[in-house]
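The values are calculated or read from the model by the stated rules, or taken from the named source; none is laboratory data. These figures come from a predicted structure and were not determined experimentally. Because the Cβ atoms are built from the backbone with ideal geometry, glycine has one as well, and the counts that use them run over all protein chains shown. Just so you know, the surface numbers come from the protein's heavy atoms only, side chains and all, with ligands and any DNA or RNA stripped out. Shrake-Rupley method; radii C 1.70, N 1.55, O 1.52, S 1.80 Å.
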Amino acid sequence: MAETVATPQSAHKLSTPGRKQALISLSDKTDLAKLGNGLQELGYTIVSTGGTASALEGAGVSVTKVEELTRFPEMLDGRVKTLHPGIHGGILARRDQEHHMEALEKHEIGTFDVVVVNLYPFYAKASSSSGISFEDGIENIDIGGPAMIRAAAKNHRDVLVVVDSEDYSNLLEFLRGDNDDQQFRRKLAWKAFQHVASYDSAVSEWLWKQTVGDKFPPSLTVPLSLKDPLRYGENPHQKAAVYVDKSLSEVNAGGIATVIQHHGKEMSYNNYLDADAAWNCVCDFNKPTCVVVKHTNPCGVASRNDIIEAYRLAVKADPVSAFGGIVAFNVEVDEALARDIREFRSPTDGETRMFYEIVVAPKYTEKGLEVLRGKSKTLRILEASKNNKGKLSLRQIGGGWLAQDSDDLTPEDIQFNVMSDKTPQENELTDAQFAWLCVKHVKSNAIVIAKDNCMLGMGSGQPNRRESLRIALRKAGDEVKGAALASDAFFPFAWNDAVEEACQSGVSVIAEPGGSIRDKDAVECCNKYGVSLVFTNVRHFRH
């Protein structure tokens with residue numbers, strides 16, 4: 001209801017003081033007939049605007065149109081309807097203030113006891129796939145609606161404000177009762193202010209992009225909508241919940257927060273973190289790929305045309321860690337793959353059936369879902385959409401937030417520059433690119449060893465890079481011979497340190513960002529052992 005203030009004609013009688021009045025002005029008219037008839041049965045005179053009034057009359061509800069009340073016509077293509085003392089005086093007057101009621105009586109203004117308003121569909125239009133023109137966007141910014149909502153919410157001790165059709169039944173039940181529950185009124189008022197705040201944040205986000213387009217505005221509001229309360233947080237003594245980001249930039253942009261859960265126990269706080277890590281990792285790969293994650297670190301990654309083979313290789317990389325982990329695929333899970341997930345035995349003993357917390361994929365066949373549901377009553381089966389590139393990444397710190405571009409780079413976006421005497425063979429360079437893409441998703445300090453599009457070992461989260469290397473080498477075992485090694489950051493030392501240890505282990509190529517003052521040492525060390533060294537000039541820290 002976008003409007004400009006109108007001037008009252010005081011010579012006309014605006015309304016009858018003392019009668020029960022409800023003001024209804026809706027863009028979304030869901031359950032309007034139910035609301036209108038319910039209020040009318042309770043003895044309320046209903047005042048309404050434009051299309052809402054017509055819809056109510058069509059449902060057999062008697063309506064007083066706003067212009068009849070204000071004695072002022074709608075004007076400026078609908079921009080001016082309700083911004084009038086005859087409306088806002090009746091909403092904002094405090095019933096316990098004698099001079100407020102005297103002012104209403106003097107100007108023959110009646111009070112409103114109920115205000116039901118929702119807003120122009122700015123959010124839906126601005127986030128639609130077809131987009132919205134600047135002019136259309138401006139005309140879809142509601143002015144009168146938020147003004148009425150805010151006025152009613154401010155005066156909630158005397159006025160019930162409703163912005164959601166889901167609250168119509170509770171409103172009518174409340175009005176039929178005798179108990180004036182202030183907590184009910186306050187909750188509706190909170191919801192009203194939150195509704196307007198989210199609406200305004202969408203307008204602000206859209207207008208900033210129209211005006212400047214910089215990713216980091218001087219002020220930022222992120223509208224969040226509660227998806228689910230969680231049993232607890234990272235630990236049982238911490239309360240938790242999961243919210244969906246309702247920013248325009250996140251509409252249809254994919255991600256774990258908007259997954260469809262087909263089966264299993266309710267998601268936990270840690271489940272969301274692990275599933276997010278697994279999904280972000282697997283979506284980076286173009287070939288059919290399986291990723292296994294434990295505590296947000298990929299412990300197994302494999303790409304194959306045969307997705308079942310990829311799954312088995314990913315588990316084989318670290319079957320101990322994979323047990324109780326999260327399995328992610330970037331292709332559809334069909335019956336054959338589902339059956340293998342359900343029946344596959346641990347490579348450690350060939351007998352223990354693998355157990356997982358979550359399986360996440362972009363889609364499932366009907367039979368695939370049926371088979372997976374038979375693996376366990378608790379197995380969480382998630383269907384997710386791929387994250388869009390170019391998102392703003394937010395992370396909370398004490399007293400504030402850090403914002404940055406998401407780390408979207410893939411091997412196709414960068415150059416692998418040969419620094420050593422030995423040039424890597426085509427298959428070695430492919431291995432280095434695969435390892436580099438894996439290490440991007442491992443917590444720093446991170447080392448990944450890979451060969452033939454399969455992770456063989458990884459070391460993560462160690463305070464020094466040498467320890468991460470040793471963990472990765474130990475997991476890779478004898479398969480390290482001829483494999484590629486990727487580091488998320490440069491090696492500060494080469495001789496008698498990580499680079500020389502890597503060379504002595506038998507790797508054929510090392511991929512790292514470069515940038516150390518001792519890069520020359522790394523080059524000379526690789527030359528001594530006949531190992532290829534490539535610099536990416538891209539660091540992949542993950543904290």
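The string of couplings for region 214-228 from the Karplus curve (6.51, -1.76, 1.60, θ = phi - 60°) is 5, 6, 10, x, x, 9, 9, 10, 10, x, 10, 10, 4, 8, 7 Hz, one whole number per residue in order, with x for Gly and Pro. Restricting the trypsin sites (Lys or Arg not before Pro) of region 474-537 to loop positions (DSSP other than H, G, I, E, B) with no more than 14 neighbouring Cβ atoms within 10 Å leaves LYS481.
Summing charges over all other residues whose Cβ lies under 11 Å from the Cβ of ASN496, with Lys and Arg as +1 and Asp and Glu as -1, gives -3.
Which GluC sites (Glu not before Pro) from region 322-395 combine a DSSP loop assignment with at most 15 other Cβ atoms within 10 Å? Answer by residue number: GLU332, GLU351.
Dividing the Cα convex hull volume of region 432-501 by residue count, how many Å³ per residue is that?
Convex hull volume per residue, Cα atoms: 74 Å³.
A Förster radius of 35 Å, combined with the Cβ-Cβ distance separating ALA124 from ARG474, puts the computed FRET efficiency at roughly 0.05.
Beyond 22 Å between alpha-carbons counts as too far, so tell me which of LYS106/LYS187; LYS363/LYS440; LYS294/LYS386; LYS209/LYS391 fall in that bin. Over 22 Å Cα-Cα: LYS106/LYS187; LYS363/LYS440. The local environment of THR430, defined by Cβ-Cβ distances under 13 Å, has a net charge of -3 under the rule Lys, Arg +1 and Asp, Glu -1. The shape of region 481-520 comes out oblate: with a ≥ b ≥ c from the C-alpha gyration tensor, a/c is at least 1.5 while a/b does not beat b/c. Just so you know, the averaged projected area of the alpha carbon convex hull for the chain sits at 31.4 nm². Once backbone amide H atoms are built at 1.01 Å from N, GLY325 has GLU357 as its partners under 5 Å, excluding neighbours fewer than 5 places away on the same chain. Ordering ALA446, SER133, TYR529 by Cα displacement along the dipole of the chain toward the positive end leaves ALA446 in first place; charges were set at the Cβ atoms of Lys, Arg (+1) and Asp, Glu (-1). Shown is the FRET efficiency for SER406 and ARG71, computed with R0 = 56 Å from the Cβ-Cβ distance and rounded to the nearest 0.05: 0.50.
Once you reduce region 142-182 and region 269-321 to the center of their Cα atoms, the two points are 49 Å from each other. In this label model, GLU105 and ASN464 are separated by 8.6 nm, measuring between points 7 Å along each Cα→Cβ vector. Applying the criteria of a DSSP loop state and at most 11 other Cβ atoms within 10 Å to the chymotrypsin sites (Phe, Trp or Tyr not before Pro) of region 83-181 yields no site. So what's the angle, to the nearest 10 degrees on a 0 to 90 scale, between helix 465-476 and the longest Cα principal axis of the chain? The answer is roughly 70 degrees. Modelled spin-label separation between LYS481 and GLU524, with each label point placed 7 Å from Cα along the Cα-to-Cβ direction: 3.0 nm.
Figure note: TRP190, TRP208, TRP436, TRP495 ranked by solvent-accessible area, largest first, 1.4 Å probe, ligands and nucleic acids not counted: TRP190, TRP495, TRP208, TRP436.
The mean of 1/r over all distinct Cα pairs in region 173-265, once inverted, gives the Kirkwood hydrodynamic radius of 16.7 Å. Sorting LYS187, LYS363 on solvent-accessible area from highest to lowest, probe radius 1.4 Å, gives LYS187, LYS363.
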